[in-house]
Amino acid sequence: MKIAVLKEQADGERRVSATPETVKKFIALGAVLAVEAGAGDTASIADAAYSDAGASVGDRAATLAGADIVLGVQGPDPASLDGVTPRAWIVASLNPFAERARVEAYAAAGYEALAMEFMPRITRAQSMDILSSQSNLSGYKAVLDAAAEYGRAFPMMMTAAGTISAAKAFVMGVGVAGLQAIATARRLGAQVSATDVRAATREQIQSLGAKPIFVENVAGIEGEGTGGYAGEMSPEYQAAQAELVSGHIAKQDIVITTALIPGRAAPRLISAAQVASMKPGSVIVDLAVEQGGNVEGSVAGEVVVVNGVKIVGHRNVPSRLAADASALFSRNLFNFLNAFWDKDAGRPVLDAEIGDAIRLTQGGKIVNPRLLA
């Protein structure tokens with residue numbers, strides 16, 4: 001069983017899908033590892049570290065030749081996979097809804113494409129969940145990005161020259177990224193509040209020492225979708241939340257938005273009018289900018305200034321912490337393949353619960369129900 005680790009070709013992608021740590025673990029299972037030269041450079045991993053771990057390091061053609069499994073962070077271009085075995089597995093974050101043509105090309109080539117972001121959110125799959133591991137770092141980095149753009153200190157400071165008030169930070173969306181953003185902002189000394197459409201997050205917010213901001217007694221508060229994700233809000237709830245947030249957001253120095261709905265455009269949480277209500281010098285970080293944005297006026301890949309308010313829209317935030325993001329991502333991939341490794345067969349054999357959930361293509365066609373719906 002040959003496993004190929006590719007150098008990422010997507011613009012701005014600095015992560016890598018395997019580290020020397022996971023290379024050693026795969027070899028211990030009996031696999032042969034091949035790593036494309038330079039694959040780990042942007043994640044601070046030298047080719048020699050892979051060689052020392054037992055992998056062969058070579059050009060892309062040598063890496064792919066005879067590969068049974070191809071690992072990636074983002075889905076590789078199907079045209080760049082010449083040399084892999086028939087029906088090879090492509091294991092990566094494949095962005096199936098936005099990259100439908102690429103998924104169709106995988107099917108046409110006979111590859112079995114496995115989308116790691118479709119991993120079901122069940123207990124036994126927690127260690128395989130790339131969305132959680134990468135979102136955790138995104139929430140942390142969002143606060144650091146906000147601090148870098150904010151022209152003031154976060155904590156309250158009492159000095160001989162007077163007192164500096166603590167920054168007020170508001171987190172919208174309390175999933176993995178939101179919870180980490182709350183914790184990080186608190187560690188930096190900000191006064192933190194947070195909101196979500198899921199009532200169950202109230203206790204989580206309070207457990208981190210932040211103030212929950214919730215609409216009361218309006219249908220739609222549960223907002224619970226499938227797999228632990230937020231669902232869509234009722235129109236009544238949307239109107240009530242907009243009114244509540246408008247009054248709260250005008251008093252904030254930092255706002256971080258994290259709301260995403262799988263397979264759909266990101267919900268709009270902050271309007272241009274609400275941005276205009278904030279004080280000059282305030283900062284908004286939109287972690288959903290690549291899916292359409294939670295904030296009206298946010299631009300993917302840019303920091304824009306509207307009426308003195310900075311709206312931060314960095315792309316691919318986990319990649320901005322490439323070394324740690326790669327370490328976690330690569331462990332997710334190893335944990336996944338290791339959980340299904342059949343020692344007798346010398347390869348992973350998927351079960352129906354997880355296999356059917358993440359498998360996009362098989363036998364020359366698209367087979368995932370979420371893409372066929």
Note the angle between two axes, namely the Cα long axis of helix 130-149 and the longest principal axis of the Cα atoms of the chain, as a number of degrees from 0 to 90, rounded to the nearest 10. 40
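Which trypsin sites (Lys or Arg not before Pro) does the range 317-373 hold that lie in a coil by DSSP with at most 16 other beta carbons within 10 Å?
Within the range 317-373, the qualifying trypsin sites (Lys or Arg not before Pro) (loop, at most 16 other Cβ atoms within 10 Å) are K343.
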In cubic angstrom, how much convex hull volume per residue do the alpha carbon atoms of the chain span? 147
Please find, in a Gaussian network model of the chain (springs between Cα atoms separated by less than 10 Å), the residue of G162, G54, G139 whose mean-square fluctuation is greatest. G162
Would you mind telling me the share, in percent, of accessible area of the range 1-100 contributed by carbon and sulfur at probe 1.4 angstrom? 49
When ligands, DNA and RNA are left out and all protein chains stay put, how many square angstrom of accessible area per residue does the chain have with a 1.4 Å probe? 43
E117 paired with R264, simple spin-label distance in nm, labels 7 Å along Cα-to-beta-carbon: 1.6
Ignoring ligands, DNA and RNA, how do L372, L131 rank by accessible area with a 1.4 Å probe, largest first? L372, L131
Quickly rank 256-262, 185-191 as a protection proxy: mean count of other C-beta atoms within 10 Å, highest first. 256-262, 185-191
Using eta = 0.692 mPa s and T = 37 °C, Stokes-Einstein with Kirkwood Rh from Cα pairs puts D for the range 13-93, in µm² s⁻¹, at 256
Longest principal axis of the chain (C-alpha) makes with the long axis of helix 322-339 (C-alpha) an angle, in degrees to the nearest 10, of 50
The range 9-62 and the range 112-175 have their Cα centres apart by a whole-number Å value of 28
In bins 10 Å wide, starting from 0, what share of all Cα pairs of the range 258-340 does each bin hold, as a percent? 18, 36, 26, 14, 5, 1
So what is the 222 nm mean residue ellipticity for the chain from helices alone, if each DSSP H run of at least 4 adds -39500 (n - 2.57) and you divide by all residues, rounding to the nearest 500 deg cm²/dmol? -9500 deg cm²/dmol
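The values are calculated or read from the model by the stated rules, or taken from the named source; none is laboratory data. Quick caveat: nothing in here was measured; it's all calculated off a predicted structure. All Cβ positions, glycine included, derive from the backbone under ideal geometry; neighbour counts span all protein chains shown. These area figures cover heavy atoms from the full protein model, side chains too; ligands, DNA and RNA do not enter into them. Shrake-Rupley method; radii C 1.70, N 1.55, O 1.52, S 1.80 Å.
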